[in-house]
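Reading through the C-alpha cells given below for one structure.
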Amino acid sequence: QVLDLLPSPPALSRVGYAVAELHELGALTPEDTPTVLGSAFLKVPLDVPLARFVILGWCLGSPAEAAILAGALSLAPSCDVLRTPFNGQNRLGGKEQEVLKKSVELRRRFDRETFSEPITVYNMFVQVLEEEGYMLGWVPKCSIRDSIHQRLWCQFTEKVCQVSDALLRLVPPNSPEAEDLDALVKRMRRSSAPYRKLQASPEWLAALLAWGLAPLGFVAVGQTPALYPGGQMEAFADVVNKHGGDVANALSWPKTPRADISKVVHTCDSVVLWQGAGTDGDIIVGTSSSKSTSSQRLPDSAELMCRLCGPFNGKDTFVSTYDGEVAIRPPRHPCMLNWYILQRRGGGSQEVSVSWKSQLDTMVHIPRDGDRGARCRPKHILVAGGGAWKYGNGRRTVTLRGSTLLPTGDGGRSALLWLLAGGMPGVEQLCVLAAPIGPDPCSGDFEIRALRLWRYTLHLRDGGFITKGDLRAANDFRTALVRMQRRRPHRLAGVWRAHADGQAEERYLVEYRESPASGAEEDEEVLSVTRLGAGDGAAGAREDAHGAASGRKADFELRGRRGSRDWGLFQNGERLENAQERSTGAGLLFSGRWVWQDTGSGDECIFQAGRLWTPQDQRQSGGYGGDGAPLLSQLGPTGPLEFRRAAQALFEMTRSDAHDHRQGSGDACRAPRRHRWPARLAPLVAPEDGGEGCPLLAPFDLDSTSETIRRFGEQLGERDAEHMQAGEIEYDVDDASFDISQENLNEDFMWRLAQERDFSPQDARNLYLCESAIALPREPVCCVCEGEGKTFSKRQLTNHPDWRKCTDCVNKPDGGGGGAAA
C-alpha cells in the first residue's frame with residue numbers, strides 16, 4: 001500500500017521477487033513480519049545482503065573483519081580504493097602511466113595470492129591501522145599514500161566506522177566481539193587507542209565471503225579454453241616453441257604493427273626478445289619479463305600490458321612512448337580464463353567478465369601433462385558482491401564487482417561444500433555420481449565423485465571427493481542458520497538474570513514461540529523460558545546454554561495479551577506465577593511464590609519467590625544503546641554458538657593444511673585401492689519443506705541417498721572392485737574430447753537412471769559421464785556483428801569474448817576487420 005503512493009510504483013512482480021529474496025535472506029517470517037535478523041539488517045547502514053553478511057560475521061566471531069569486507073564491497077563502481085588515470089582522449093601520457101603502474105603493482109602486492117578484490121582492500125586497511133598516528137579520514141602515510149584515491153578511501157573508512165558503530169549497538173556488551181568492535185572504532189577515532197591485530201587467515205575470509213554472498217547468486221565458474229585442442233593455444237604454442245620461448249612470457253597482440261609493440265613493451269619496462277605471426281593477423285611476442293613465482297600469474301610487466309586499456313573500458317588507447325605516441329589494443333594470453341555466472345535455481349549460466357582491476361582478470365592456467373585427458377579438468381569458482389551491465393568494444397556485457405576466488409587446490413571440493421552449505425544452488429534435488437566407500441559396500445557410507453549443477457557436469461578430483469560426512473557438516477551449518485533466521489523479535493526475548501535477597505543468582509533464556517502453545521488464546525503471546533543455571537558473564541551464559549541448543553526442553557512458558565504488561569508463568573499448561581513488566585527500565589517482577597519440582601531424589605526449588613528479572617545484556621546509561629538489551633541478544637546464547645560451531649567444523653574439514661579431510665567426519669576411512677567401488681547416478685534431495693520457511697537452506701536427505709547406495713552395494717562383489725583397479729578413465733586427446741554435446745544432455749533420461757532402484761554393476765560399467773566443457777560458451781556472441789545463434793569454429797569458441805568472431809565474419813574479405821577484434 002505504501003508503494004502504491006509513489007509517483008511510479010514498482011510492478012507487482014518486482015515486489016514479489018523482492019519479498020521472496022527477503023525470505024531467502026532470513027529477514028521475514030512466513031507471515032511477512034521481520035525476524036530478529038531482519039530487524040537487525042535495517043539498523044546496519046548497508047544494503048540488506050551486505051547487512052546480512054556483517055551479522056553473520058558477528059555470529060562467526062569475526063565482526064571487525066566482516067565490517068571491513070562489507071565496507072569494501074559497498075564501494076562503487078568497483079571494489080577498489082586506488083587512483084586510476086582517466087581522460088576523455090583515451091591517452092596515457094607519462095604521468096598517467098606512472099599512476100597506472102603504481103596501482104597495478106600495489107593491487108598485486110596486497111592481493112597476496114588470494115585473487116580477491118575485497119581481501120586486497122582489507123589487507124591495505126589492516127596495514128594502515130598498524131601505523132602510528134593514523135585517524136579516521138586521514139590519508140595514510142605508508143607506501144600507498146600517493147596512490148590512494150582520497151575520496152574513495154574516506155568513503156570506505158567512514159563506512160567501516162559506521163557499520164562497526166551500528167553493530168556495537170546491536171550485539172551483547174562485554175562479549176569478545178563487542179570488545180573487538182569497540183577497539184576498532186576507538187583506533188579509527190583516536191590514534192593512541194590499543195586494538196587487537198586482525199589475524200584472520202585469507203582462507204577464513206574467503207569462507208566468510210562464500211557463506212555470506214552465496215545466496216545472492218553471484219557465483220561464477222571459470223576455466224581456460226587452452227585445455228581444449230583445436231583452439232588458439234595450439235597455434236600460440238607452435239610459435240613460442242619455434243622461437244624457443246616460454247609460454248608464460250609471451251602475449252598475443254591483435255593486429256598491431258610490430259614496431260609499435262616494441263615501443264609499448266619498452267614503456268612497460270620490458271624488452272621484446274622475438275616476434276612471430278599468429279592467426280588472423282595477430283602478433284605473438286616474447287618478452288624479457290622475469291617469470292612469475294606463481295603458476296597462475298603472468299609476469300609483472302605482462303599484467304601491466306594487459307591493463308593498459310583498462311581505464312578506458314578496453315577501447316583503443318594512445319600510449320606515449322620514447323618514440324612518439326602509438327595506438328594499441330590490449331594483448332591477451334590464450335591461457336586466461338573464461339567466466340560464466342551460474343544462475344539461481346539451477347537455471348544455467350551466462351558469460352561474464354571480471355573487473356580489469358582484479359587479479360582474476362589476468363589469472364592464467366597453463367595446461368600441464370594430463371590436464372586435457374583428466375576426468376576432472378582444472379576449474380575455478382568465485383563469488384562476487386554484485387554485477388553491472390557495461391558497454392565496451394561495441395558489446396554489452398556483465399562485469400562482476402568484488403570478486404573472490406574460492407580454494408582450488410583440492411579440485412573444487414572446498415568451494416562446492418561452502419556453497420552448498422550457504423544455500424546454493426537453490427534447487428530441491430541434485431543428480432550426483434556416488435559410490436560406496438569402505439570395505440563393506442553395504443554400509444551406506446558414500447562419496448560423491450561428480451555433480452550435476454547449473455546444467456554442468458562437474459567432476460571432483462581423486463582424493464577430493466565429497467563424502468557423506470562432508471554433507472552432514474553442510475547440513476549442520478544449514479540447520480543452525482535456519483534456527484537463527486526463524487527467531488522472531490520480542491521485547492522480552494534474550495537472557496535474563498533473576499535476583500532475590502539472600503539467594504543465588506539464576507539465569508533464564510526467554511525465546512519467542514513461533515507457534516501458539518496448546519491452550520493459548522488467539523491474541524495471546526507465548527514465550528518459552530529455559531533455566532540456564534548460575535553463571536558469570538556472557539561466556540558462562542553461552543556455555544550453560546549449549547544444552548538448550550542441543551534439544552533441551554523449555555522449563556516454563558510466559559503468556560500474556562498482546563500489548564499488555566501482565567504475564568503469567570505456566571508449566572505444562574498450569575499457571576504458577578504472575579509477573580508484571582516494570583514501567584521504568586527493563587525488568588520483570590514476579591509475585592513471590594515458590595515453585596517446587598519432584599526430581600526423583602527429593603523436591604527441588606526451580607523458581608524462588610520475590611524475584612526481579614533484568615536483562616543480562618542490559619546496557620548502562622551513556623553506553624552505545626542506552627538502557628535496555630541490544631537487539632541481537634534476542635537470539636540468545638544458543639543460536640550464534642550453535643551456528644559458529646557448525647561453521648568451524650565445516651571450515652576445519654576444508655582447510656588446505658588438513659592432512660586428512662575425513663578425520664572426524666564419521667565416514668569410513670579411505671578404503672584400500674582394491675575397495676574402490678564403481679559408482680552410480682543417485683538423487684541428492686533437499687526437500688523444500690525441510691527448510692522451515694527457507695527452502696534455500698533445506699538440509700539434504702542423506703538417509704535417502706544412503707539407502708540408494710546401500711541397495712546398489714548389495715550387488716557388488718570383489719570382482720567389481722577389482723574391475724576398477726585399472727585406474728582412472730583417461731579421455732583421448734582428440735576432437736572427441738572437444739565435443740560439447742554433453743551440454744545438451746538428456747536430463748529426463750539422466751534422472752530416470754538416478755531414480756532406478758535396480759541399478760546393476762553392469763549398468764555402472766556402461767555409465768559414461770563426461771565433465772562439461774566449461775570454458776566453451778553455450779550461447780556465443782560474435783564480437784563483430786553481435787549476432788546470436790551464429791556458427792563458430794572450434795578455434796573461435798576458445799577465443800576471449802572480445803576476439804570471438806562467427807564464421808560469416810571470418811569469411812568476409814577483410815576478415816571482419818572492422819569489428820572489435822581488428
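The values are calculated or read from the model by the stated rules, or taken from the named source; none is laboratory data. Since the model is a prediction, treat every value here as computed from it, not as a measurement. Here Cβ is always computed from backbone atoms with ideal geometry, including for glycine, and neighbour counts include all displayed protein chains. Protein only, heavy atoms only, side chains kept; ligands, DNA and RNA dropped before computing areas. Shrake-Rupley method; radii C 1.70, N 1.55, O 1.52, S 1.80 Å.
For the reader, a short list of remarks on this structure follows.
- Qualifying residue in segment 438-446 (condition: over 30 Å from GLU756 (Cβ atoms), assigned to a loop (DSSP other than H, G, I, E, B), among the polar types (S, T, N, Q) and touching a residue at least 40 places away in the same chain (Cβ under 8 Å)): no
- Complete set of residues in segment 91-101 that are open to solvent by less than 70 Å² (accessible area, probe 1.4 Å) and of a type outside the set (Val, Ile, Thr): LEU92, GLY93, GLY94, GLU96, GLN97, LEU100, LYS101
- Some residue of segment 119-139 being open to solvent by 30 Å² or more (accessible area, probe 1.4 Å), farther than 30 Å from GLY409 by Cα and assigned to a helix (DSSP H, G or I): no
- Residue list for segment 292-324, restricted to those being under 13 Å from ARG91 (Cβ atoms), among the polar types (S, T, N, Q) and open to solvent by 20 Å² or more (accessible area, probe 1.4 Å): SER320, THR321
- Criterion: modelled with pLDDT of 75 or more and over 30 Å from THR399 (Cβ atoms) - qualifying residue of GLY789, GLY727, GLY713: GLY713
- Among (1) modelled with pLDDT of 90 or more; (2) buried (at least 20 other Cβ atoms within 10 Å of the Cβ) - the single one TRP274 does not satisfy: (2)
- Test result for SER289, open to solvent by 30 Å² or more (accessible area, probe 1.4 Å) and within 27 Å of HIS380 (Cβ to Cβ): no
- Residue within segment 156-168 that is more than 30 Å from GLN634 (Cβ to Cβ), in a loop (DSSP other than H, G, I, E, B) and polar (S, T, N, Q) present: no
- Meets criteria (touching a Gly at 6+ places or on another chain (Cβ under 7 Å) and either closer than 17 Å to GLY469 by Cα or modelled with pLDDT of 90 or more (or both)) for PRO441: yes
- Total residues in segment 400-440, condition within 20 Å of ILE709 (Cα to Cα) and open to solvent by less than 10 Å² (accessible area, probe 1.4 Å): 7
- Test: residue in segment 182-190 that is out of contact with any helix residue (DSSP H, G or I) (no Cβ under 9 Å at 6 or more places or on another chain), surrounded by fewer than 21 Cβ atoms within 10 Å (Cβ to Cβ) and either of a type outside the set (Lys, Arg) or outside any helix (DSSP H, G or I) (or both): yes
- Failed item in (1) in contact with a helix residue (DSSP H, G or I) (Cβ under 9 Å, 6 or more places away or on another chain); (2) farther than 29 Å from LEU406 by Cα; (3) charged (D, E, K, R); (4) in contact (Cβ under 8 Å) with a residue 12 or more places away in the chain, with LYS141 passing the rest: (4)
- Number of residues in segment 447-456 that are part of a strand (DSSP E or B) and at pLDDT below 90 equals 2.
- Residue within segment 487-503 that is of a type in the set (D, E, K, R), at pLDDT 85 or above and open to solvent by less than 60 Å² (accessible area, probe 1.4 Å) present: yes
- Of all the numbered requirements in (1) more than 26 Å from the chain's Cα centre (by Cα); (2) under 28 Å from ILE381 (Cβ atoms), ASP111 misses one, and that requirement is (1).
- The selection criterion, being open to solvent by less than 10 Å² (accessible area, probe 1.4 Å) and at positive phi, holds for PHE115.
- Tally, over segment 522-571, of residues that are modelled with pLDDT of 80 or more, open to solvent by less than 50 Å² (accessible area, probe 1.4 Å) and part of a loop (DSSP other than H, G, I, E, B): 1
- Residue match in segment 310-321 (condition: acidic (Asp, Glu) and in contact with a Ser or Thr (Cβ under 9 Å, 6 or more places away or on another chain)): no
Let's see how each residue does on (1) farther than 21 Å from PRO225 by Cβ; (2) within 35 Å of the chain's Cα centre (by Cα):
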{"site": "VAL264", "(1), (2)": "yes, no"}
{"site": "THR267", "(1), (2)": "yes, no"}
{"site": "LEU273", "(1), (2)": "yes, no"}
{"site": "GLY278", "(1), (2)": "no, no"}
{"site": "SER294", "(1), (2)": "no, yes"}
{"site": "CYS306", "(1), (2)": "no, yes"}
{"site": "VAL319", "(1), (2)": "yes, no"}
{"site": "SER353", "(1), (2)": "no, yes"}
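- Residue list for segment 450-480, filter: among the hydroxyl-bearing types (Ser, Thr, Tyr), open to solvent by 10 Å² or more (accessible area, probe 1.4 Å) and more than 30 Å from LEU635 (Cα to Cα): none
- Residue that is surrounded by the most Cβ atoms within 10 Å (Cβ to Cβ) [pool: residues in segment 384-399 that are farther than 23 Å from THR654 by Cα and touching a Phe, Trp or Tyr at 6+ places or on another chain (Cβ under 7 Å)]: GLY387
- Residues that are surrounded by fewer than 16 Cβ atoms within 10 Å (Cβ to Cβ) and among the acidic types (Asp, Glu) were ranked within segment 1-46; the one that is farthest from ARG645 (Cα to Cα) is ASP4.
- Selected residue (criterion: farthest from the chain's Cα centre (by Cα)) from residues of segment 47-87 that are under 22 Å from VAL128 (Cα atoms) and of a type in the set (S, T, N, Q): THR84
- Counted residues, segment 325-350 - those being more than 19 Å from the chain's Cα centre (by Cα) and open to solvent by 40 Å² or more (accessible area, probe 1.4 Å): 2
Per-residue answers, yes or no, for (1) under 17 Å from LEU304 (Cα atoms); (2) touching a residue at least 60 places away in the same chain (Cβ under 8 Å); (3) assigned to a loop (DSSP other than H, G, I, E, B):
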position	(1), (2), (3)
GLY230	no, yes, yes
PHE236	no, yes, no
VAL265	yes, no, no
GLY276	no, no, no
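- Within segment 749-784, the set of residues being open to solvent by 10 Å² or more (accessible area, probe 1.4 Å), farther than 21 Å from LEU460 by Cα and either aromatic (Phe, Trp, Tyr) or in a loop (DSSP other than H, G, I, E, B) (or both) comprises PHE749, GLN755, GLU756, ARG757, ASP758, SER760, ARG778, GLU779, PRO780, VAL784.
- Members of segment 140-153 that are of a type in the set (A, V, I, L, M, F, W, C) and either buried (at least 20 other Cβ atoms within 10 Å of the Cβ) or modelled with pLDDT under 85 (or both): CYS142, ILE144, ILE148, TRP153
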